[in-house]
Amino acid sequence: MSVLHGEKYEPKSAFMKWFESRLPVMGFLYPTAISFPTPRNLNYFWTFGAILMAFLVIQLITGIVLAMHYTPHVDFAFESVEHIMRDVNYGWLLRYLHANGSSLFFLAVYIHMFRGLYYGSYKAPREILWIVGVLILLLMMATAFMGYVLPWGQMSFWAATVITNLFSAIPLVGDSVTQWLWGGYSVDNPTLNRFFSLHYLLPFAIIGAVVLHIWALHVPGNNNPLGIDTKTKQDTLPFHPYYTVKDTFALVAFFLLFAALVFYAPNYLSHSDNYIKANPLVTPPHIVPEWYFLPYYAILRAIPDKLGGVIAMFASIGVLFVLPWLDTSKVRSANYRPMYIPFFWILVGVSIGLGYLGSKPPEGGYVIAARILTAYYFFHFLILLPLLGLVEKTRPVPESIAKAVLGEGATSGAGKGRAA
């Protein structure tokens, strides 16, 4: 299958003809990003790709500027963050944009992923596209965790201590891996330096993975709410202006939520203990990670064995890598899978429930509930999806996007294109 392209770029001015003959930048960008043929029926759940790109740029720019004022040393890290907040021009804004930007980044990623789960965007021929997306999620999680440690508050220090200690459960090499992460025999200055270096480096690895993700997207093209392939030119619209306008509107709406957090509730998603300088001699009463790690934290604590908990936590993400082969249904979109729809929403509820339980103390009914939800999570992917595809009776899928959107006898036109 060849990479999809739109109409070729034809330079108009003499300067652009000269420039393109020597460096064909627009000749590459125009057919792959402007005139790229895109299914005409994409809804607003498909705008989160553009939202994620915007937030990646925000995180990079604010992170680079913050790194200019941050001191990665256990004696000065906490004070340097306070210096950024109090003394650097608009430092408070930079920090709040960066801290809340990571939360909104993960919110958009989770919506993006659940959209893929609902519409079957992981199915052939988009398996590699999905796998690269899961890899981006892993890189994001590693980057966010290391960034959470940098303020060197109480929650930063103890979260680093608890999470890095998990690697010691790995047979044979666990202690060596843990000591390598620490740079010694406990979480201390070498640990902070390593985390700072990796937190600065990994976003550039994310950029590389995003380029691969976009490249993989341009081979089969976008999936769509119907879950069928584009068959004719009538099924598609050029990406610009139709979807650039739609993405811009969605981005502005998402930015309103972002602005509300930054300007009115900048610490709403933070933990108050992180405004206390790290003290290895004082353990917080309840150690919790950031909200976007809470479902995995609940799975980790649901297993009574330390090694078992680590395996379950990583398996909860690892199962997503093999999802394209676990789902045996030939139909992509849940719109035509009546039995799958309720199970999808149960999975959404289970994921939210695990997030809630991850924020609670690991005791009593919270642990029992976490075990039940963890069991269902793996049951959904490992047992339910393979069986469901074999027994489910699906609804008839439309022959083409154009017939479903424009009507049986409709013809393509500018007015109908805009309406779609």
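The values are calculated or read from the model by the stated rules, or taken from the named source; none is laboratory data. All figures in this text were calculated on a predicted structure; none of them were measured in a lab. Quick reminder, even Gly has a Cβ in these numbers, built from the backbone with ideal geometry, and neighbours come from all protein chains shown.
May I ask you to verify whether V252 is surrounded by 15 or more Cβ atoms within 10 Å (Cβ to Cβ), over 30 Å from E399 (Cβ atoms), modelled with pLDDT of 95 or more and of a type in the set (A, V, I, L, M, F, W, C)? For V252, the condition - surrounded by 15 or more Cβ atoms within 10 Å (Cβ to Cβ), over 30 Å from E399 (Cβ atoms), modelled with pLDDT of 95 or more and of a type in the set (A, V, I, L, M, F, W, C) - is not met.
Among the residues of region 296-351, the one identified as among the acidic types (D, E) and at pLDDT below 95 is D305. Sort out which residues of region 248-297 are hydroxyl-bearing (S, T, Y), in contact (Cβ under 8 Å) with a residue 12 or more places away in the chain and either in contact with a Lys or Arg (Cβ under 8 Å, 6 or more places away or on another chain) or not in a helix (DSSP H, G or I) (or both), and write them in order of number. Matches in region 248-297: S270, T283.
Table: residues versus (1) under 26 Å from G101 (Cβ atoms); (2) in contact with an Asp or Glu (Cβ under 9 Å, 6 or more places away or on another chain); (3) not in a loop (DSSP other than H, G, I, E, B).
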position: G147; (1), (2), (3): yes, no, yes
position: P151; (1), (2), (3): yes, no, no
position: W158; (1), (2), (3): yes, yes, yes
position: N165; (1), (2), (3): no, no, yes
position: P171; (1), (2), (3): no, no, no
position: L181; (1), (2), (3): yes, no, yes
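The set of residues in region 37-68 being surrounded by fewer than 16 Cβ atoms within 10 Å (Cβ to Cβ) and hydroxyl-bearing (S, T, Y) consists of Y44 alone. Condition check: buried (at least 17 other Cβ atoms within 10 Å of the Cβ) and either in contact (Cβ under 8 Å) with a residue 40 or more places away in the chain or under 26 Å from the mean Cα position of the chain (by Cα) (or both). Does L192 satisfy that? So L192 fits the description; yes. If you go through region 121-133 and keep only what is buried (at least 21 other Cβ atoms within 10 Å of the Cβ) and either more than 16 Å from G49 (Cα to Cα) or at pLDDT below 95 (or both), you end up with just K123.
Taking the options G116, G63, G133, name whichever one is assigned to a helix (DSSP H, G or I), among the small types (G, A, S) and over 23 Å from F204 (Cβ atoms). Break it down into steps so the answer makes sense when it comes.
Details: G63 fails: over 23 Å from F204 (Cβ atoms); G133 fails: over 23 Å from F204 (Cβ atoms).
So the residue among G116, G63, G133 that is assigned to a helix (DSSP H, G or I), among the small types (G, A, S) and over 23 Å from F204 (Cβ atoms) is G116.
Looking at W92, is it more than 26 Å from F255 (Cβ to Cβ), aromatic (F, W, Y) and more than 20 Å from the chain's Cα centre (by Cα)? Judged against the criteria, W92 is not a match.
Conditions (1) more than 30 Å from L201 (Cβ to Cβ); (2) in a loop (DSSP other than H, G, I, E, B), marked per residue:
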site: G6; (1), (2): yes, yes
site: F19; (1), (2): yes, no
site: L29; (1), (2): no, no
site: I58; (1), (2): no, no
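Return the total of residues in region 160-176 being in contact with a helix residue (DSSP H, G or I) (Cβ under 6 Å, 6 or more places away or on another chain) and surrounded by 14 or more Cβ atoms within 10 Å (Cβ to Cβ). Break it down stepwise before answering.
Applying the first criterion (in contact with a helix residue (DSSP H, G or I) (Cβ under 6 Å, 6 or more places away or on another chain)) to region 160-176 yields 160, 164, 166-169, 174-175.
Subsequent filtering for residues that are surrounded by 14 or more Cβ atoms within 10 Å (Cβ to Cβ) retains 160, 164, 166-169, 174.
Residues in region 160-176 being in contact with a helix residue (DSSP H, G or I) (Cβ under 6 Å, 6 or more places away or on another chain) and surrounded by 14 or more Cβ atoms within 10 Å (Cβ to Cβ): 7 in total.
Scanning region 303-337 for residues that are closer than 21 Å to V391 by Cα, out of contact with any helix residue (DSSP H, G or I) (no Cβ under 6 Å at 6 or more places or on another chain) and of a type outside the set (V, I, T) yields L323, W325, K330, R332, N335, Y336, R337.
Being under 23 Å from the mean Cα position of the chain (by Cα), part of a loop (DSSP other than H, G, I, E, B) and either under 25 Å from R332 (Cα atoms) or among the hydroxyl-bearing types (S, T, Y) (or both): is that true of L42 here? Before the answer, list the steps.
Working: under 23 Å from the mean Cα position of the chain (by Cα): yes; part of a loop (DSSP other than H, G, I, E, B): yes; either under 25 Å from R332 (Cα atoms) or among the hydroxyl-bearing types (S, T, Y) (or both): yes.
Considered against the rule, which asks whether it is under 23 Å from the mean Cα position of the chain (by Cα), part of a loop (DSSP other than H, G, I, E, B) and either under 25 Å from R332 (Cα atoms) or among the hydroxyl-bearing types (S, T, Y) (or both), L42 comes out as yes.
Look at region 103-129: where a residue is acidic (D, E) and a partner is at pLDDT 95 or above, sitting 6+ places away or on another chain with Cβ atoms under 6 Å, you get E127/P324. Being within 25 Å of N279 (Cα to Cα), among the polar types (S, T, N, Q) and surrounded by 20 or more Cβ atoms within 10 Å (Cβ to Cβ) is true for just one of T143, T71. Which residue is that? Result of the check over T143, T71: T143.
Per-residue answers, yes or no, for (1) within 20 Å of V288 (Cα to Cα); (2) modelled with pLDDT of 95 or more; (3) polar (S, T, N, Q):
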position: T47; (1), (2), (3): no, yes, yes
position: V57; (1), (2), (3): no, yes, no
position: G63; (1), (2), (3): no, yes, no
position: A67; (1), (2), (3): no, yes, no
position: A77; (1), (2), (3): no, yes, no
position: R95; (1), (2), (3): no, yes, no
position: H112; (1), (2), (3): no, yes, no
position: L135; (1), (2), (3): no, yes, no
position: M141; (1), (2), (3): yes, yes, no
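Out of the helices (runs of 4 or more DSSP H) lying entirely within region 320-383, which hold 2 or more residues that are farther than 29 Å from G227 by Cα? Break it down into steps so the answer makes sense when it comes.
Numbers: elements: 323-326, 340-358, 364-379.
Filter on region 320-383 gives 340-358, 364-379.
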